[in-house]
Structures are given as structure tokens and as C-alpha cells.
Ligand code: SF4
């Protein structure tokens, strides 16, 4: 399984990830992206049927802010957003 989180320090809020993967990414009030799967914790596995969207978003991010790993980033009780 894959896990995803956005590096919100480098995201410029361009909107590309939400275009290609609206089931994975949303934006906060400042327009900065986060993973809506788990509040950007990177702890909930990306559903299998969203893998293509995930890869498209990661590859299309102009700042390389979409981090994808095969292990969870952190635990659910440490939500970042
Ligand atoms: Fe931020 Fe990258 Fe998404 Fe653009 S594609 S909003 S820079 S995470």
C-alpha cells in the first residue's frame, strides 16, 4: 500500500493535485494542499483504485511536495491539519 502526505512548507497551492486526484487532496483556507484521507497524517493507506491518481499528482506537482511512501508517515493521533 502507499501512503501520502503533502509537504505543506513547500506547496505553493497551484491546484494541480486536486485536479488530478480530487479524492485524495483538498486545500485549506490558505489554499495549501493536504491529504484529505487522514488530515495529512500519512497514516491511512491510499485506496488501491486511487493509485493512478496518486502517481499522476505526485509526478505533476511542480514543487515536488507530494511525498509517497510504502510505510505510514506517522500515527493518526498526530494529525497535521
Ligand atoms: Fe501544492 Fe504540489 Fe498540489 Fe500544487 S500540486 S497544490 S504545489 S502539493
#### Entry: Selected residue (criterion: nearest to the ligand (Cβ to nearest atom)) from residues of region 23-38 that are more than 15 Å from residue 10 (Cα to Cα) and in a loop (DSSP other than H, G, I, E, B)
24
### Query
How about region 42-51: which of its residues are within 16 Å of the ligand (Cβ to nearest atom) and either touching a helix residue (DSSP H, G or I) at 6+ places or on another chain (Cβ under 7 Å) or in a helix (DSSP H, G or I) (or both)?
46, 50
### Task
With the condition kept exactly as written, say whether any residue in region 14-25 is out of contact with any helix residue (DSSP H, G or I) (no Cβ under 7 Å at 6 or more places or on another chain) and surrounded by 14 or more Cβ atoms within 10 Å (Cβ to Cβ).
yes
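Rule-based calculations on the coordinates, nothing more; no lab input. All values derive from a computational prediction rather than experimental measurement. Neighbour counts are summed over all protein chains in view; Cβ atoms, including those assigned to glycine, are modelled from backbone coordinates with ideal geometry.
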